[in-house]
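Student: Next up is a structure, given as structure tokens.
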Amino acid sequence: MKKLLAAFSAAILAFTLASCGTQKQSVSVEAMDTFMKIEYYGDESVGEKLTGEIKRLDSLFSVTDKNSEVYALNRDKEVKPSDDLSALLKRSLTLCDRLDGALDVTILPVVEKWGFLNGKYRVPDKQEIQSALKAVNYKNIEVDNDKVKLKNNAKLDLGAVAKGYAADKCLEILSDNNVETSLLNLGGTIAVHGRKPDGTPWRVGIADPDNPSDYIGFVSCSDKVVATSGGYERYFEKDGRRYIHIIDTQTGFPSDNGIASVTVISDSGTLSDALSTALFVKGLDGAREYHRDNPDFDYVILTADKKLYISEGIVNDFTLSESDRYEVVKN
Ligand code: ADP
Ligand code: MG
């Protein structure tokens, strides 16, 4: 339910004009543990291609579906990968490395300990976490064209990047089918393609972590993927503490570093999705330092003390909502 809310809240400003020669279409699909909605101007048949593609990717990347490719890999420790698994793994491993392991696609054993996989939430003791952490290291994944291998009990979890990759694949389909205007909301990962029919750029809302059906502000952009990671998306509370589904790979504990949400805006869905999770883990200083060295994206970082840090490349395209609860800090 939370996921559903977050998906809606992550935000769409609907198409405002009725037509520009082609028809407005809208399709939705439940996949990757979230609710997804796609709007575009074009042929009705494109919608089926898009939802079909998302379902196909879900059935490859799901960690819980016993028929998925990732499930088979985690069970058998070796598979002959599909082109998609191979492509997403290669891209992810480069990013895990570049992010010094703040993103680690072998985090699954730790995610399982906290109950985020089956919804039976619990606080594991330190020893349990330590032993689960031993299996976490993306370097235990070996990929070549006809084989993927997991070493040292590693288990794969593409949860941090799968929606971004799905966004990239959907954008390819839209472009192959000559669709010039579309808005994809894949549960917090939002792709905007082209401009609105009236020629103005899209405005993508950034959810208010305290009230995810509301927005702290809007980013105007075209041909970008905007991904947000927030503790509000999935969490549980125990003894007055909140435990979120984004894990600090150094400690094995849910990230708890004063970040409320990280939004990343870039040309690539996979990159935006990976970075929104990883920069959340890195924290404010780590995220800003990473951006200085890798300026191929923009960010909006919201801290628990209600400050907003916006990268220079996007600051003029960001509008704060009416709310005066947030203070924009100039970088
Ligand atoms: P959401 O799925 O809510 O949009 P994210 O894109 O931030 O959120 O991905 C969170 C998911 O990624 C978690 O559910 C978990 O499966 C996985 N994960 C959590 N922490 C990490 C991490 N540090 N590195 C890689 N994957 C992670
Ligand atoms: Mg992510």
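Student: For Lys151 and Ser26, calculate 0.36 nm times their separation in residues minus their Cα-Cα distance, and state this gained length in nm to one decimal.
Tutor: On the way: separation 125, 0.36 × 125 = 45.00 nm, distance 4.32 nm.
Stretched fully, the Lys151-Ser26 segment lengthens by 40.7 nm.
Student: Here's something else I'd like to know. To the nearest 500 deg cm²/dmol, what mean residue ellipticity at 222 nm is calculated for the chain from DSSP H runs of n ≥ 4 alone, each contributing -39,500 (n - 2.57), summed and divided by the residues? Mind showing how you got there, number by number?
Tutor: Working: 9 runs with 108 residues, N = 331.
For the chain, the value works out to -10000 deg cm²/dmol.
Student: Top to bottom by accessible area (1.4 Å), largest first, where do Asp305, Asp324 land?
Tutor: So the residues, ranked largest to smallest area, are Asp324, Asp305.
Student: Here's another thing I want to ask about it. What ranking, highest mean first, results for peptides 164-170, 110-116, 126-132 when packing means the other Cβ atoms within 10 Å averaged over each residue? Each step should come with its number before you reach the end.
Tutor: Details: 164-170: 25.6, 110-116: 20.7, 126-132: 14.0.
Top of the packing list down: 164-170, 110-116, 126-132.
Student: Treat the chain as a sphere of radius equal to its Kirkwood radius over Cα pairs and apply Stokes-Einstein at 37 °C in a medium of 0.692 mPa s; give the translational diffusion coefficient in µm²/s, rounded to a whole number.
Tutor: Value of D from the Cα-based Kirkwood radius: 163 µm²/s.
Student: Oh, and also: When a/c is below 1.5 the answer is rounded, else prolate if a/b is larger than b/c, else oblate, so apply that to region 153-209 with a ≥ b ≥ c taken from the square roots of the Cα gyration tensor eigenvalues. Please report the intermediate quantities before stating the final value.
Tutor: On the way: a/c = 5.22, a/b = 1.57, b/c = 3.33.
In terms of gyration-tensor shape, oblate.
Student: Could I ask something else about it? For Glu39, what charge total do you get from the other residues with a beta carbon under 11 Å from its beta carbon, if Lys and Arg give +1 and Asp and Glu give -1?
Tutor: Working: positive: Lys24, Lys37, Lys196; negative: none.
Counting the neighbours of Glu39, the net charge comes to +3.
Student: May I ask you to give the percent of accessible area on region 13-164 that is carbon plus sulfur, with a probe radius of 1.4 Å? All intermediate terms of the calculation are to be shown ahead of the outcome.
Tutor: On the way: 3270 of 7490 Å².
The C+S portion of the solvent-accessible surface of region 13-164 is 44 percent.
Student: Go through 217-230, 291-304 and give me the packing order, highest mean Cβ count within 10 Å leading. Can you show the working numbers first?
Tutor: Values: 217-230: 23.1, 291-304: 17.6.
Packing proxy ranking, top to bottom: 217-230, 291-304.
Student: Name the shape class, rounded, prolate or oblate, that the alpha-carbon gyration tensor gives for region 175-251, where a ≥ b ≥ c are the square roots of its eigenvalues, rounded holds for a/c under 1.5, and otherwise prolate holds if a/b is larger than b/c and oblate otherwise. Working shown, then result.
Tutor: Values: a/c = 3.58, a/b = 2.24, b/c = 1.60.
It is prolate, given that a/c is not under 1.5 and a/b is the larger ratio.
Student: If you don't mind, there's one more thing I want to ask. Could you tell me which of rounded, prolate or oblate describes region 101-141, using a ≥ b ≥ c as the square roots of the eigenvalues of the alpha-carbon gyration tensor, with rounded for a/c under 1.5 and, failing that, prolate when a/b is larger than b/c and oblate otherwise?
Tutor: On the way: a/c = 2.65, a/b = 1.55, b/c = 1.71.
Verdict is oblate for region 101-141.
Student: Tally Lys/Arg at +1 and Asp/Glu at -1 over every other residue whose Cβ is under 10 Å from the Cβ of Ser59; what's the total? List each step's numbers first, then the result.
Tutor: Working: positive: Lys55, Arg56; negative: Asp58, Asp65, Glu69.
So the environment of Ser59 carries a net charge of -1.
Student: By how many nm would the segment from Gln130 to Asn177 grow when fully extended, if each residue of separation counts as 0.36 nm and the alpha-carbon distance is taken off?
Tutor: Details: separation 47, 0.36 × 47 = 16.92 nm, distance 4.92 nm.
So the extension gain works out to 12.0 nm.
Student: So, one more: So with the 1.4 Å probe, I'd like the accessible area per residue for the chain, rounded to whole Å².
Tutor: Numbers: 14850 Å² over 331 residues.
Solvent-accessible surface per residue comes out at 45 Å².
Student: When the solvent-accessible surface of protein heavy atoms is calculated with a 1.4 angstrom probe, in what order do Glu289, Glu69 fall, highest first? Before the final figure, lay out the partial values.
Tutor: Details: Glu289 105, Glu69 30 Å².
If we order Glu289, Glu69 from most to least accessible, we get Glu289, Glu69.
The values are calculated or read from the model by the stated rules, or taken from the named source; none is laboratory data. The model shown is predicted, which means the values in this text are computed figures rather than measured ones. Note that we place each Cβ from the backbone using ideal geometry, even for glycine, and neighbour counts take in every protein chain shown. Heads up: the accessible areas ignore ligands, DNA and RNA and are worked out on the full protein's heavy atoms, side chains in. Shrake-Rupley method; radii C 1.70, N 1.55, O 1.52, S 1.80 Å.
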